[in-house]
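> Take this structure, written in structure tokens, and hold onto it; I'll ask about it next.
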Amino acid sequence: MSEQPRRPRKPGKPYRRPQKDPVRMLAFEAIRAVDERDAYANLVLPPLLRKAREKEGPEKFDARDAALATELVYGTLRRQGTYDAIIADCVDRPLREVDPPVLDVLSLGVHQLLGTRIPSHAAVSASVELARVVLGDGRAKFVNAVLRKVARDDLDGWLERVAPPYDEDPEDHLAVVHSHPRWVVSALWDSLGGGRAGIEELLAADNERPEVTLVARPGRATREELLGEEAAVPGRWSPYAVRLSEGGEPGAVEAVREGRAGVQDEGSQLVALALANAPLDGPDRRWLDGCAGPGGKAALLGALAAERGAFLLASEKQPHRAGLVARALDGNPGPYQVIAADGTRPAWRPGSFDRVLVDVPCTGLGALRRRPEARWRRRPEDLDGFAPLQRGLLRGALEAVRAGGVVAYATCSPHLAETRAVVTDVLKQHPGTELLDARPLLPGVPGLGEGPDVQLWPHVHGTDAMYLALLRRTS
């Protein structure tokens, strides 16, 4: 039989199978989980990194790859508002009409172009290759066209183009330049008390990568022990705090693995220390953490209570979070108990405790450095949902403490509706209560304002924006 004639090849480049880049595939998977399932990046990313190391091996997925993947995820989430404004200027349709997976690939690409030192040609090429893998060749062409437009200017040039002038609309200008929803800009500005410099510094600090801070739990670990770790330096304010410089891995620290130390922002440590050191009238034997999940403050309070022979009751409404509290307190040297209970419907008798902490559920606007996606999920109406709970928990705490005892009201939000408004309202309902000056209980910490309550700030103190008010029952 004679050979069949071969069909002539069509002109053009031969088809090339798209190449999977494990770093960018991981970043895309994390961003999709945050976008599609309302997951939190700090919970999604660690198992994805472990999976990548196991699958690719340490030679193909090393510490530098993990660092790049982490930067791509967190950087893209922090700058989402800014990048959306830039992408919107480069497409011919409203962003809501762009498929979410396509928008995620574009955002990752824009971050590489405008937020990293990756060369433009490499950023575009890698993003288009990712698009080919996860979206297909057709939509990859769209990604290529948009990113080539973005690559024509740098971040400053784009901001000048897409952000309204400050003099015409200050809040919208700051929202676009610093990638925060407008209502969050307005709320933070009110909490700061006005002035352009302060709000610019705060919003910029929210977009910085936070340091990893450890706490040496008293009686179980020492700060000196933690300082023996590589890349460890003392904390700024807490005597138990140690900061890990960039690249430090908490899981590599023996004391953390054993539960003798933990990961805890220095602002949270200061809240627990302020309550523990507040002056009391009368005995000091029974302490309560009324909103103990996930357990960081409870573990520190439990260790401090143990040094004085005091008992800690750690209460958390959600059973699964109560389990996290139990894990954090496991091995505490002093007496303690963990229960699942609602602080607004106490499982204890009134006046049972000498010291009470309520770190109430809130919008989390004080921890946007660590959970950047939270800024895009929260809405102003969320405040209405938290308000009754926050007031109920503070009222419950005041009923739980005895006359002469102290309550610490804390929240990881600087929003005035979640801080001073709550304390002021509850104080009106409890005339036998006084506000203590919390500032002397944070020795050496500057910029604490006029008091008597305390508001910490990322741009001033390098902590989450923790709020603290100390209240003493007088009758």
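The values are calculated or read from the model by the stated rules, or taken from the named source; none is laboratory data. Predicted, not measured: the structure shown is a model, and the values here were computed from it. Positions of Cβ are generated from backbone atoms using ideal geometry, with glycine treated the same way; all protein chains shown enter the neighbour counts. Side chains included, ligands, DNA and RNA excluded: accessible areas come from the protein's heavy atoms. Shrake-Rupley method; radii C 1.70, N 1.55, O 1.52, S 1.80 Å.
> Treating the angle as unsigned and between 0 and 90°, give the value, to the nearest 10°, between the Cα long axis of helix 137-150 and the longest Cα principal axis of the chain.
That works out to roughly 70 degrees.
> Continuing with the same structure: Skip the ligands, DNA and RNA, and give the accessible area per residue of segment 361-475 with a 1.4 Å probe, whole Å².
36 Å²
> Quote the convex hull volume per residue of segment 141-259, based on C-alpha atoms, as a whole number of Å³.
Convex hull volume per residue, Cα atoms: 190 Å³.
> Hey, another quick one. Any chance you could check the Cα centroid distance between segment 26-70 and segment 384-418 for me, in angstrom?
37 Å
> Angle check, please: helix 41-56 long axis (alpha carbons) against the longest principal axis of the chain (alpha carbons), in degrees 0 to 90, nearest 10.
In the chain, helix 41-56 runs at an angle near 50 degrees to the longest axis.
> Still on this structure, please answer the following. Using a 10 Å cut-off on Cβ atoms, rank the peptides 33-42, 306-315 from the highest mean neighbour count down.
The most tightly packed comes first, giving 306-315, 33-42.
> Could you give the size of the charge dipole of segment 140-213 about its Cα centre, using +1 on the Cβ of each K and R and -1 on the Cβ of each D and E, expressed in debye and rounded to the nearest 20?
620 debye
> Taking the highest mean first, how do the peptides 57-67, 106-116, 397-407 order by number of other beta carbon atoms within 10 angstrom per residue?
106-116, 397-407, 57-67
> Another question, then. Using a simple charge model, +1 on the beta-carbon of Lys and Arg, -1 on the beta-carbon of Asp and Glu, nothing else, what dipole does the chain show about its Cα centre, in debye to the nearest 20?
1620 debye
> While we're on this one: Once Lys and Arg get +1 and Asp and Glu get -1 on their Cβ, which of A417, P361, G451 lies farthest toward the positive end of the dipole of segment 344-457?
P361
> Set Lys and Arg Cβ to +1 and Asp and Glu Cβ to -1, take the dipole of the chain about its Cα centre, and tell me which of V23, T433, P165 lies farthest positive.
Of the options given, the answer is V23.
> If we sort 366-376, 254-264 on the protection proxy, mean other Cβ atoms within 10 Å, highest first, what's the order?
My ranking of the peptides, most packed first, is 366-376, 254-264.
> Which residue, chosen from V325, I339, V263, occupies the Cα position most advanced towards the positive end of the dipole of segment 240-345, where the dipole is computed from +1 (Lys, Arg) and -1 (Asp, Glu) charges on Cβ about the Cα centre?
The Cα lying farthest towards the positive end belongs to I339.
> Sticking with this one: For the pairs K60/K149; K20/K141; K297/K317, note any where the Cα-Cα span goes beyond 23 Å.
K60/K149
> Follow-up. What aspartates and glutamates could a cross-link reach from K51, if we take a straight Cα to Cα line under 18 Å and drop same-chain neighbours fewer than 8 places away?
D21, E29, E59, D62, D65, E71, E249
> Cα centroids of segment 78-117 and segment 120-181: how far apart, whole angstrom?
Between the Cα centres of segment 78-117 and segment 120-181 lies a distance of 5 Å.
> A further question follows. Tell me whether segment 301-352 comes out rounded, prolate or oblate; compute the Cα gyration tensor, take square roots of the eigenvalues as a ≥ b ≥ c, and use a/c under 1.5 as the rounded threshold.
It is oblate, given that a/c is not under 1.5 and a/b is not larger than b/c.
> Let me ask another. Specify the angular offset, from 0 to 90 degrees and rounded to the nearest 10, of the alpha carbon long axis of helix 296-307 from the longest principal axis of the alpha carbons in the chain.
The angle comes out at about 30 degrees.
> When ligands, DNA and RNA are left out and all protein chains stay put, how many square angstrom of accessible area per residue does segment 52-155 have with a 1.4 Å probe?
Spelled out: the 1.4 Å probe surface of segment 52-155, per residue, equals 48 Å².
> Could I ask something else about it? Restricting to DSSP H runs of at least four residues, report the calculated mean residue ellipticity at 222 nm for the chain, -39500 (n - 2.57) per run over all residues, nearest 500 deg cm²/dmol.
-14500 deg cm²/dmol
> Still on this model: Bin width 20 Å, origin at 0, all Cα-Cα pairs of the chain: what percent of pairs per bin?
22, 49, 23, 4, 1, 0
> Calculate what fraction, in whole %, of the accessible area of the chain sits on carbon and sulfur atoms when a 1.4 Å probe is rolled over the protein chains.
49 percent
> For V212, what residues show an amide H to amide H distance below 5 Å, using hydrogens built from the backbone and excluding near sequence neighbours?
Close amide H contacts, sequence-distant or interchain: L244.
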